[in-house]
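The values are calculated or read from the model by the stated rules, or taken from the named source; none is laboratory data. Predicted, not measured: the structure shown is a model, and the values here were computed from it. Here Cβ is always computed from backbone atoms with ideal geometry, including for glycine, and neighbour counts include all displayed protein chains. Note: accessible area is taken over every heavy atom of the protein model, side chains too, but ligands, DNA and RNA are not part of it. Shrake-Rupley method; radii C 1.70, N 1.55, O 1.52, S 1.80 Å.
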Amino acid sequence: MDWLTETKIPIGKGAAAVFDWLQINGAWFFDGLALVMEGLIDGVLWVLQTPHPFVIILAFAAITYAIQRSWKLSVFIVLGFLFILNQGYWEETTESLTLVLSACVVCMGLGVPIGIAMAHRPRLFRAARPVLDLMQTLPTFVYLIPAIVFFGIGMVPGLIATVIFVLPAPIRLTHLGVTSTPTPLLEAADAFGATPSQKLWKVELPYALPQIMAGLNQTIMLSLSMVVIAALVGADGLGVPVVRALNQVNTALGFESGFIIVVVAIMLDRMLRVTRK
């Protein structure tokens, strides 16, 4: 077996060479991307932290009622946020929500158009599928290394690593929703003389909406799962007390902050769950 291990395929060295080249020649791109991401993060953080917490709570309750038409669910959202306030994690929660909402803006803004393009171009989907598989299965800690190299420490590398990990979910679910549009609906649209854009906006996207919303839901859940990992590269939020509890072997702090993450995940899941009627 020695002959097999003597000549090692230079996967790691090749990746390092690519990252070094990008760091040298693509500094202008990564600096510009960092500025855009910082602006997005600062904007969302300002919206969540500037008003009084009760204003934000009422806003989330109103959004919940507008989407779900359930006053019981709106009350549940209010109680969830009041519990977070009671535990003293409001600032950390808004920081984590900033990371999650920023990731949603980027992932849905990229994922939905890419998913639509792949649904209309099967060859593109077949070519991109191995890349999507790699993005989803590569250990998330691996994403932190190039994120730190290109963007340093802070919220931006945490957001970039989160986007890379989460992006395949909205792409795949948008693709699934559009390709699942029943053929009779498309044939009826063709019979009435609908253009491709009209079929997309009036037939395919309305039918695919539950799948697209499921992609948004998965984006939120996967982003929350990255909260603790993002804290390792300096991202603020609920991951910070979790990491602190791990370093101190503090069971009370770890369970407390972890339970807050669970509460936030449940609230966001219930807010945005949409089913086909």
Cβ-Cβ FRET estimate between Asn25 and Ile145, R0 fixed at 25 Å, reported to 0.05: 0.85
Output the peptides 220-231, 134-145 sorted from most to least packed, where packing is the average of other Cβ atoms within 10 Å over each peptide's residues. 220-231, 134-145
Starting from the Cα of Val249, step 7 Å along the direction of its Cβ; do the same at Leu85; then give the gap between the two resulting points in nm. 3.8
The range 81-212 - Rg and Dmax from Cα coordinates, angstrom: 18.9, 60
Cα-based Rg/(2.2 N^0.38 Å) for the chain, rounded to two decimals, is 1.15
Across all Cα atoms of the range 226-268, Rg and the largest Cα-Cα distance (Dmax), in Å, are 10.0, 30
At each listed q (0.12, 0.16, 0.20, 0.24 Å⁻¹), what is the log10 of I(q)/I(0) that the Debye formula gives for the range 134-248 modelled as equal alpha-carbon point scatterers? -0.57, -0.76, -0.97, -1.21
Gain in span if fully extended, Leu124 to Val262, counting 0.36 nm per residue against the direct Cα distance: 46.0 nm
Rule-of-thumb check for the range 1-144: C-alpha Rg over 2.2 N^0.38 Å? 1.52
Among His120, His52, His175, whose mean-square fluctuation peaks in a Gaussian network model of the chain (Cα, cutoff 10 Å)? His52
Of all accessible heavy-atom area on the chain, the percent that carbon and sulfur account for (1.4 Å): 69
Cross-link candidates for Lys72: which aspartates and glutamates have Cα within less than 19 Å, leaving aside residues fewer than 8 places away along the same chain? Asp269
What list of whole percents do you get for P(r) of the range 181-277, with Cα-Cα distances grouped in 10 Å bins up to the one holding the largest distance? 15, 29, 20, 15, 13, 7, 1
